[in-house]
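Below is one structure, written out as C-alpha cells; comments come after it.
Nothing in this text is a laboratory measurement; each read-out follows from the coordinates by a stated rule. Since the structure is predicted, the reported quantities are computational estimates derived from the model, not experimental observations. Every residue, glycine among them, receives a Cβ derived from its backbone with ideal geometry; neighbour counts consider all protein chains shown.
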C-alpha cells in the first residue's frame, strides 16, 4: 500500500454564475487602492513563501518499507525475537520502545511464526484487531523469556506477513500501535485480515507451481501411447495436487472458507490416482468415472480460485 496525500477539493462554478466572478475581483481591486491611499505608513506587506514539508524518513528491507513515526529513529539492533533471526529485520526505536519489523512466510492462521505461536498460553484470548486506514493487523501481547512483554502485530500482505515486535521499558501499547500505519510495501499489496489471511498469502505461489506442473503433465498424458507411461504421468499429477494440498492445509483455519479449496485439491489427487489405477488395470469404467470426477472437481477448484482472486484484487 502506498501512502497518497489527499488532494484538495476543487469547487467549480456554473457558466450561468460567471457574472458574479467579477464582483470579488472588483472588491479586491478597490481594497488594494484604498489600502495604498489610506495605509497607516505605506509599508508593504511581505507574504512569506510556504516552507516545503520535510520528506518522510523511510527505512527499507526488501519489499518492506517503514515510515518512521515522529521522534522515532532507525537502529542497528533491536529486540531479540524468536522466529526473526534469519529474516533480515528492520530495527527502529522511540524514547521508550525498541522495535523489529520483518516480512515472514505464512505458517499458520494466527500469522505468527511458530516460535512466537508457541509462546501463546493455552486458551489465550483472540488477538485484538488494530486498524489504520485500510491496513488491519492482529495485535498479540506475548510474554517471552524473563517475563518480558512484547507486543506483536501481524499484517497480511501478498509477499508474506509484515510482522512487528515492540518491546518497551514501560508497557505502552499505544506507542507500539504507531508502527501499523507506518508500514508500506514497495511491491504488492496488503490483504484482508481474516481467518483465511495466511492461506491467501500462500495461495498464489502454490497455485503457480501447481499450474506449471499440471500443464506439463496433462500434455504428456494426452500424448501418452503406452499404458504404463500414461499411468506414471497420471500418478505424477496426483502427486502434484497432493503437494499443493500439503502446503496449504496447515494454513486453513477451522471452519474457514479455505477448506473448500483444499478439499477440491484432495479430490483431484484421488481422481488422478484413480486414472493411474484404471490405466494399469485397463478398466474403462473406472477410467470414465475418474475422468468425470476430474472435470467436476476442476470446475469447483476454478470457482474457488476465482473467489480468492476477487478477494486479492479488492484489497
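Mind checking which residues of the range 86-110 are surrounded by fewer than 17 Cβ atoms within 10 Å (Cβ to Cβ) and farther than 13 Å from residue 163 by Cβ?
86, 95, 96
I'd like the residue in the range 201-253 that is farther than 19 Å from residue 271 by Cα and in contact (Cβ under 8 Å) with a residue 60 or more places away in the chain and, out of all such residues, is nearest to the chain's Cα centre (by Cα).
The qualifying residue nearest to the chain's Cα centre (by Cα) is 201.
Does the range 111-123 include one or more residues that are touching a residue at least 60 places away in the same chain (Cβ under 8 Å), surrounded by 20 or more Cβ atoms within 10 Å (Cβ to Cβ) and under 21 Å from the mean Cα position of the chain (by Cα)?
There is at least one residue in the range 111-123 that is touching a residue at least 60 places away in the same chain (Cβ under 8 Å), surrounded by 20 or more Cβ atoms within 10 Å (Cβ to Cβ) and under 21 Å from the mean Cα position of the chain (by Cα).
Of the numbered conditions (1) touching a helix residue (DSSP H, G or I) at 6+ places or on another chain (Cβ under 8 Å); (2) exposed (fewer than 15 other Cβ atoms within 10 Å of the Cβ); (3) assigned to a strand (DSSP E or B), residue 192 satisfies every one except a single condition; which is it?
Failed condition: (3).
How about the range 208-224: which of its residues are part of a helix (DSSP H, G or I) and surrounded by fewer than 19 Cβ atoms within 10 Å (Cβ to Cβ)?
Matches in the range 208-224: 208, 209, 211, 212, 213, 215, 216, 218, 219, 220, 222, 223.
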